[in-house]
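The block underneath contains the structure these notes are about, expressed in structure tokens.
The values are calculated or read from the model by the stated rules, or taken from the named source; none is laboratory data. In this text, all values refer to a predicted model and were calculated from it rather than measured experimentally. FYI the Cβ positions are ideal-geometry reconstructions off the backbone, even for glycines, and counts take in every protein chain you see.
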Amino acid sequence: MEHNRSDYQLLTRQFFRLLPYQILLIVLSSINEIISSLFAGNYVGREAMGALGLYAPFDEFVIAVSLMFVIGSQILCGKFMGRNEMEETGRIFSIDVLITTGFSAAAIFFLFMVILFGWTGILTPDPAMQKSLDRYICGVAVGLFPTVMGQQLTAFLSLENKMKYTSAASVAFLSVSLVLNYLFVVVFRMGEFGLGLAPSIGMWIFLMIELKPYFSRKTLFQLSFSGLKLSDVWRIMKTGFSGSVIDGYQAVLGFILNALIVMYVGSAGLSAYAATQAVMIMVGIIPFGMIQVARMLMSVSIGEEDRKSLTDVMRVGLFRCIPVITVIAALMILFAVPLTRLFYRDPSDPVFEMTVKGFRILPLLFPLSVFRMQFSCYAQTSGKDGLSHILAFLEGVASVAFFSAILIRPLGMSGIYWAYPLNGVVCFTVIVLYSCIQRKAFPRNLEQLMVIPEDFGAPEDARIDISVRSVDEVIRVSQTVIDFCLSRGIDRRTSFFSGLFLEEMASNVVEHGFTKDREHHSVDIRVVHKNDEVILRIKDDCVPFDPAERSEILDPADLVKGAGIRLVYQMAEEIEYQNILGLNVLTIHIEKKKRNGRSH
């Protein structure tokens, strides 16, 4: 059997099992945008659509700061979980909750000051639109805290594979938001205030549902104020900044584009842009959800120093998601007119044609955006801050603003739309150039394009990566592991135990884990020779199962039943079990030398 004959079907299944839950979370804001836009355009008026567009940059700023906390804490916790340092994850969780609460309070206070002192007049010279914006802000402010806190809790629930709470909370939010939008806007005619208040109440219900497992102490992460370090605040912000700064840039970009549209197109352009962005955000849930999943998987892979899994996460994101998003983009272009009719019904109105053009041009961005987002995620988690900041600055503000400023005069609103796919081309070029500069050669494969450091993880000749699906394959892999150890100069006793331990634990997964349901499963086996250790890692997507619990409850008097598991726990130097993102991960450390009278 060839070494490193591992496929990435297990990781692919895990990726797409996690993806729907992440998409569901992003759908909340996306569908809310569409619902608000539909009710605004059909029941309130053009001023309400303009108010949604004018508020969007501040909303993006809040999301950017919230994402900084989410990304920073998620990356840190993912790495700690990969190293089995669970006490560190609890401390990061507690700090994240505290700083999120403080930020939410400050943001709400600022919004009410904006209304009180009439600062919204800075955004628009139109008194009617200013009043519309003030009323909308009053409703939105009510739900700002649960929106920000809900993002944080969802990230931690995802790390523990407890997405069912997010699913229930999402369904509740969407149902409540839709019903209240109808009641507040259509029945009670509360206008822009009702548009903002309806989703705010829905987000409070969302938060209450997500808090349930924390109140019942069914999660690994529990709030604790002991042992907190202020330095952790900086660690979270520093780690998450490169990933969230793009949303901050997009907030600035929103102000720039709004100013350009007001100056060269007018209020009709603002309304068209708001409608197209509402749908673009909705369709963009697939690449955004993909990034959330990739970030978690990459963080754990980096914590485990697993070079192959890190590359496989990138491979799944690029080669599985880009074809899907390309088909969706083509459908958007094809149905541009029906999409426009969701918001505006009069084809003779200038805003109608502007919106149609947006739906025919903007989707061209999606395939390039997936490529850029996946590499940005990798740069964030691997500490390549230079590349991350360059891509964020280009994508977030510089490139789009540059092309918009040049093209808006000759092309009108089409100039704004074309700036987005042109920006995608620029980012793609920068990623390739970065690899060429760092390696001083053109990349010939994905790993070279990623510029993974040579000293990251175990070198190829010091590891084996193999996937198995049957007991017979496990037995053959066991002999492969023995041969591998012997070829590395490891003594025969340690080599034999390495193969035996692997065979026992992997066979246990195949015989028992595979039969618990009707799903297709596989076991990913990784063997690493590092310093004086042989490290065995067995990863599967079966039901959660900690072998230590079984080894403790087995009857010691029964020398046959469970003898293999007991042998492993007696002879191994160290055994670690975790359930990370829905995968069972068992790591066995085997020393080459004798210690305290035991053979390892």
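Data table
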read-out	value
Residue within segment 314-322 that is more than 30 Å from Asp455 (Cβ to Cβ) and at pLDDT 85 or above present	yes
Filter result (buried (at least 21 other Cβ atoms within 10 Å of the Cβ) and in contact with a Leu (Cβ under 8 Å, 6 or more places away or on another chain)) within segment 333-354	Phe343
Single condition Thr326 does not satisfy, out of (1) within 26 Å of Phe15 (Cβ to Cβ); (2) among the hydroxyl-bearing types (Ser, Thr, Tyr); (3) touching a residue at least 60 places away in the same chain (Cβ under 8 Å)	(3)
Qualifying positions in segment 215-233 - outside any loop (DSSP other than H, G, I, E, B) and either aliphatic (A, V, I, L, M) or more than 15 Å from Glu88 (Cβ to Cβ) (or both)	Phe215, Leu230, Val233
Checking Asp346 against (1) over 21 Å from the mean Cα position of the chain (by Cα); (2) assigned to a helix (DSSP H, G or I); (3) charged (D, E, K, R), the condition it does not meet	(2)
Considering residues of segment 534-562 that are outside any loop (DSSP other than H, G, I, E, B) and farther than 21 Å from Ser309 by Cα only, the residue modelled with the lowest pLDDT	Ile553
Failed condition for Glu460, given (1) over 30 Å from Leu365 (Cα atoms); (2) in contact (Cβ under 8 Å) with a residue 60 or more places away in the chain; (3) surrounded by 15 or more Cβ atoms within 10 Å (Cβ to Cβ)	(3)
Residues (touching a Pro at 6+ places or on another chain (Cβ under 6 Å) and aliphatic (A, V, I, L, M)) located in segment 211-254	Ala251
Out of Ile408, Ile464, Ile482, Ile490, sole residue that is under 30 Å from Ser507 (Cα atoms) and part of a helix (DSSP H, G or I)	Ile482
Test for Met237: is it buried (at least 18 other Cβ atoms within 10 Å of the Cβ), aliphatic (A, V, I, L, M) and within 23 Å of the chain's Cα centre (by Cα)	no
Residue match in segment 255-266 (condition: among the β-branched types (Val, Ile, Thr), surrounded by fewer than 20 Cβ atoms within 10 Å (Cβ to Cβ), at pLDDT 80 or above and in a helix (DSSP H, G or I))	yes
Residue in segment 362-376 that is out of contact with any Leu (no Cβ under 7 Å at 6 or more places or on another chain), more than 30 Å from Asn445 (Cβ to Cβ) and crowded, with 18+ Cβ neighbours inside 10 Å present	yes
Tally, over segment 163-197, of residues that are under 26 Å from Pro213 (Cβ atoms), polar (S, T, N, Q) and touching a residue at least 60 places away in the same chain (Cβ under 8 Å)	4
